[in-house]
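To start, the structure itself, in structure tokens.
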Amino acid sequence: MKEPFNPFVINTYQGKEYFCDRENDLKKLISHIENDRNVVLYAWRRLGKSALIHRLFDELESSNNYETLYIDLLATQNIDEAIQSISAAIYEKYGKTSKGISASIQKLLASIGATISFNPISGTPELTLGINKSKQPHQSLASLGEFLIARKKRIVIAIDEFQQINDYEGTKAEAIFRSWVQQIPDVRFIFSGSHRTLMEAMFTEKKRPFYQSSMLESLQPISLEAYSQFITQQFQAAKKVIDLDTIEKIYTWSRGQTYTIQLVCNHLFANYKKVTKKDVDTVLNQILVQQQAIYANFQKMLTRTQWNVFRAVAKEEPLKNPLSKDFLQKHNLGAASTVSTSLKALEKLELVIKDEGNYLVHEVQLARWMAKL
């Protein structure tokens with residue numbers, strides 16, 4: 001992997017030297033895996049769940065005792081597409097050898113109805129995952145599971161945005177996946193998700209298939225102290241300067257959200273030798289201006305009442321009582337019942353979240369933009 005030009009990586013995991021802290025979280029995950037426990041890793045968006053998983057996989061793979069698979073279900077709309085995502089991950093991991101496509105992978109793909117074609121220009125193989133419609137999902141998953149348990153090393157699978165299976169229509173996706181996990185007990189699973197409420201419900205409600213099947217780990221923001229040390233070290237290594245008060249300003253504005261902190265520091269590192277608070281203000285404004293065209297569309301997506309409530313939450317967050325008389329009158333929101341209905345709709349859309357009793361706009365940058373309106 002090539003070293004990044006900018007140490008504040010915002011797109012993907014680039015190695016542990018560019019990864020801030022999470023040592024305690026990493027130790028917990030390693031302990032769960034080594035002691036044969038499946039894990040639920042959940043947090044609000046952009047706190048670094050996926051990066052932590054890749055950091056964990058880096059550690060596990062370097063031990064030479066494990067093989068790892070990362071699967072993202074965010075773009076999937078049904079269980080067939082989920083199986084396609086799992087199949088694609090297995091193909092990418094095991095299908096390509098120096099002599100072409102391995103015989104075991106060819107056999108596996110044939111068993112689930114997938115086909116391989118070759119790019120007419122490059123000659124490289126391309127996988128077409130037309131899952132065999134004559135088979136039930138559990139049969140395709142069983143074939144994939146049999147391939148995995150035949151591996152010599154222990155397998156760890158991370159399924160990101162696992163809450164997506166709640167939206168699959170026409171199938172009992174949770175029951176099907178739970179059955180699959182039980183069929184391959186030697187494989188360890190990390191179920192990751194960015195919708196805390198849904199993830200908690202899937203694994204804590206008694207009538208759900210995954211009830212008490214995994215260890216719950218809620219990812220929290222990295223501490224200001226740890227991030228201050230990391231940011232300072234990266235600037236000093238490049239003979240650049242940033243003071244602790246300025247870092248605290250960035251951290252507070254970003255609400256401790258990993259992605260936003262990385263993004264702000266990425267811009268500051270690229271443009272300044274000695275960072276001042278004024279420079280931070282300039283960068284924060286630039287970031288919001290860049291996103292303005294996207295954020296402006298939210299008003300078109302919502303009813304007038306929903307938009308007014310959404311904007312009011314952004315201006316007041318953290319908001320403890322959205323139905324209080326003072327809040328309603330200050331923002332001219334009308335009846336409490338109407339605001340309550342709008343708030344529930346905003347929570348369902350994951351635009352507003354309730355965290356430790358406080359209401360917040362889920363996306364930090366969007367919240368900061370709306371607060372200026």
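Structural remarks
- Residues of segment 184-207 classified as in contact with a helix residue (DSSP H, G or I) (Cβ under 9 Å, 6 or more places away or on another chain), farther than 21 Å from K354 by Cβ and either without any contact (Cβ under 8 Å) to a residue 24 or more places away in the chain or basic (K, R) (or both), total: 2
- Of all residues making up segment 308-328, the number that are surrounded by 14 or more Cβ atoms within 10 Å (Cβ to Cβ) and either free of Cβ contacts under 8 Å to residues at least 40 places away in the same chain or β-branched (V, I, T) (or both): 8
- Helices (runs of 4 or more DSSP H) (entirely within segment 248-349) containing at least 1 residues that are closer than 30 Å to A238 by Cα: 258-271, 277-295
- Tabulated pairs, segment 329-356, first touching a residue at least 12 places away in the same chain (Cβ under 8 Å), second open to solvent by 50 Å² or more (accessible area, probe 1.4 Å) and in a loop (DSSP other than H, G, I, E, B), C-beta under 9 angstrom, 6+ apart or interchain: A336/L323; V339/L323; S340/L323; S342/T303; L343/L323; A345/T303; E350/R45; D355/P318
- Given (1) open to solvent by 40 Å² or more (accessible area, probe 1.4 Å); (2) under 20 Å from R255 (Cα atoms); (3) touching a helix residue (DSSP H, G or I) at 6+ places or on another chain (Cβ under 7 Å), number of the condition V289 does not satisfy: (3)
- Flag for A82 being open to solvent by less than 20 Å² (accessible area, probe 1.4 Å), within 19 Å of the chain's Cα centre (by Cα) and among the small types (G, A, S): yes
- Residue check for L74: surrounded by 16 or more Cβ atoms within 10 Å (Cβ to Cβ), under 19 Å from the mean Cα position of the chain (by Cα) and touching a residue at least 24 places away in the same chain (Cβ under 8 Å): no
- D245 being assigned to a helix (DSSP H, G or I), over 15 Å from Q365 (Cα atoms) and among the acidic types (D, E): yes
The values are calculated or read from the model by the stated rules, or taken from the named source; none is laboratory data. Only a predicted model underlies this, so the values are computations on that prediction, with no experimental measurement involved. In this analysis, Cβ positions are derived from the backbone assuming ideal geometry, glycine residues included, and neighbour counts consider all displayed protein chains. Only protein heavy atoms, including side chains, enter the accessible area calculation; ligands, DNA and RNA are left aside. Shrake-Rupley method; radii C 1.70, N 1.55, O 1.52, S 1.80 Å.
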